[in-house]
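The numbers here are math on the coordinates, done by the rules we state, and not lab data. A quick note: this is a predicted structure, and the numbers were derived from the prediction, not measured. Don't worry about glycine lacking a Cβ; one is built from the backbone with ideal geometry, like all the others, and counts go over all protein chains shown.
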Amino acid sequence: MNQSLQKLSEIAAKKERTILGLMSGTSADGLDISLARISGSGFNTSVRLIEFSSVPYTETFKSDFRDDLFGEALPLLLMMRMQQRIQKEWVRLIQNQLSYWEVLPADIDLIASHGQTVLHSPSSPKRPATTMQIVDGDYLAENLGVVTVSDFRQKHIAAGFEGAPLAPLAEQLIFSGVEKPVMMLNLGGIANFTLLEEEKKNPSFPFSTDAGPANTLIDTAVRKYFKGENYDHSGEFAAKGETDLNLLEALKKHPFFSFDAPKSTGPEEFTFDWLESEVKRSKFSGSPEDLVSTLTEYSAWGIASEIKKKIKDRSIDIYVSGGGWHNHTLMLNLKKELPKCRFRSSKKLGVDPDAKEAILFSVLANETVAGEGFEYKSKSGKFKKLTLGKISLP
């Protein structure tokens, strides 16, 4: 047997695997790196976070990415060059972080890499969803010397789904013991939530959906109008402003909110060009703080409206993760929109709200290598096991 395949078999047979999780979201402001020990698989999965760090990109690096990412007209050659640059930077950041933690690559069983999304196009009646993440798993495996699982979203789409959000598959495993019903809400650039209902015998797809922008429009406005700032720390800019109701009503007409869930979206659907056109159309003349206040209320309205469609008038616990948890104004607006619900940090369930997505992709990689996968109903009506991610050997 090939030595790398033999090693993979040995990793799968271990009682516990050390997995390095990598996540760079739609904010594209840095690389989240988690180091976790994961035992078991399926509903017997147990996760113990050992280390976590969110390593920021340099300002030049962030600026270059934001100028080029998330555009449908992104030239192929430019995307290929971006991939070369970002994966080289990732290796440098990972090596530095491992050195700081005093962890050797030989101590790691698997790398779970989400990659960097450059475009996500949701499905429509005329075409299926499509998605593209860069940072090649082979590059990471070769340069770090660790078996790498990457490109998780493609199998999800091949099976007839949206390719996003994927976190629910892992959430139902590691939160299987939590009292139901319960909701897991992630507030990244785009918001998504998972509603966990009753337990099932085998892993299957829980209800999940994207819920529109969380931070992406807020961050874009802050970078545009507040020099040197990349996001609204604690929601302080929004708290100083006043919501413009005309602009708010104009923003609410975005077609995303008229589609039935489950659905997916991305920052390419909520662009600064779109925002500027709505600002002009509504004759907005407020301050930058007023704009951020309006966008923060808009994010809360959109997220809450999608949640209400699913839970109706039920009162449930909502555990929050992602950068939006630290935006106090956004959280206050959400609580006003959903007064019957109780909002708590995912830390209450033992999962750092900033590390959750990196951990969840580690759980997906663990299931691919050591588990039986997730049961889903195919278009033909038959049930089948699904595992996610491509495996790259060093």
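Straight-line reach from K335: which lysines have a Cα under 25 Å away, not including same-chain ones fewer than 8 places off? Partners within reach: K180, K240, K252, K253, K263, K308, K309, K310, K312, K347, K348, K356.
Compute the FRET efficiency between Y225 and D64 as 1/(1 + (r/R0)^6), taking r as their Cβ-Cβ distance and R0 = 22 Å, and round to the nearest 0.05.
Details: r = 21 Å, r/R0 = 0.94.
It comes to 0.60.
By the equivalent-ellipsoid construction on the alpha carbon gyration tensor, region 92-204 comes out with semi-axes of 29, 21, 13 Å, ordered largest to smallest. As a rough guide to protection, the peptides 97-104, 128-135 ranked by mean Cβ packing within 10 Å, highest first, stand as 128-135, 97-104. The stretch between S234 and K253, if pulled fully straight at 0.36 nm per residue, gains 4.1 nm over its current Cα-Cα span.
Contact order, relative form, for region 116-254: 13 percent (alpha carbon pairs under 8 Å, 6 or more residues apart, mean separation divided by residue count).
Sum up the charges of everything whose Cβ sits under 10 Å from the Cβ of K263, counting Lys and Arg as +1 and Asp and Glu as -1, but leave K263 out.
-4
If I model a spin label as a point 7 Å beyond the Cα along the Cα-Cβ vector, how far apart are those points for K312 and K384 in nm? Between K312 and K384, the label points sit 3.4 nm apart.
What residue among Q97, V149, Q83 has its Cα farthest toward the positive end of the dipole of the chain, where the charges are +1 on Lys, Arg and -1 on Asp, Glu, each on the Cβ? In the chain, that residue is V149. Convex hull volume of the C-alpha atoms in the chain, normalised per residue: 144 Å³. The label-point distance for D138 and R344, in a model that sets each label 7 Å from Cα toward Cβ, rounds to 4.7 nm.
With everything on Cα atoms, drop me the angle between helix 216-225 and the longest principal axis of the chain, reported from 0 to 90° to the nearest 10. It works out to around 60 degrees. To the nearest ten degrees, helix 356-370 and the longest principal axis of the Cα atoms of the chain are 30 degrees apart. Across F361, F226, F207, mean-square fluctuation computed from a Gaussian network of the chain (C-alpha pairs under 10 Å connected) peaks at F226. When every Cα-Cα distance of region 171-349 is counted in 10 angstrom steps from zero, the calculated P(r) takes the values 10, 38, 34, 14, 4, 0 percent. Please report, to two decimal places, log10 I(q)/I(0) for region 290-358 at q = 0.15, 0.22 Å⁻¹ as given by the Debye formula with identical point scatterers on the Cα atoms and no solvent. Debye curve over Cα of region 290-358, log10 I(q)/I(0) at q = 0.15, 0.22 Å⁻¹: -0.50, -1.00. Under a model in which nothing but the beta-carbon of Lys, Arg (+1) and Asp, Glu (-1) is charged, the chain shows a dipole of about 1220 debye around its Cα centre.
For region 302-318, the residues whose amide N sits under 20 Å from a probe point set 7 Å from the Cα of E198 along the beta carbon direction are 310-317.
Restricting region 107-160 to trypsin sites (Lys or Arg not before Pro) that sit in a DSSP loop and have at most 15 other Cβ atoms within 10 Å of their own Cβ leaves K126.
Shown is the FRET efficiency for F207 and E102, computed with R0 = 45 Å from the Cβ-Cβ distance and rounded to the nearest 0.05: 0.60. Shape analysis of region 9-121 yields a ratio of the Cα radius of gyration to the Kirkwood radius, Rg/Rh, of 1.03. Compared with the dominant principal axis of the Cα atoms in the chain, helix 59-68 is inclined by about 80°.
Within region 211-280, the trypsin sites (Lys or Arg not before Pro) that combine a DSSP coil assignment with at most 16 other C-beta atoms in a 10 angstrom radius are K227, K252, K253.
Just add up the charged neighbours of A239: K/R +1, D/E -1, any other residue whose Cβ is under 14 Å from the Cβ of A239. Walk me through the numbers before you get to the answer.
Values: positive: K240, K336; negative: D232, E236, E242, E289, D290, E297.
That sum, taken over residues with Cβ under 14 Å, equals -4.
Most simply put, the chain has about 70% antiparallel DSSP beta bridges, counting only bridges with both residues inside it.
Considering only DSSP beta bridges with both partners in region 248-394, what is the antiparallel share in %, to the nearest 5?
If we restrict to bridges inside region 248-394, about 50 percent are antiparallel.
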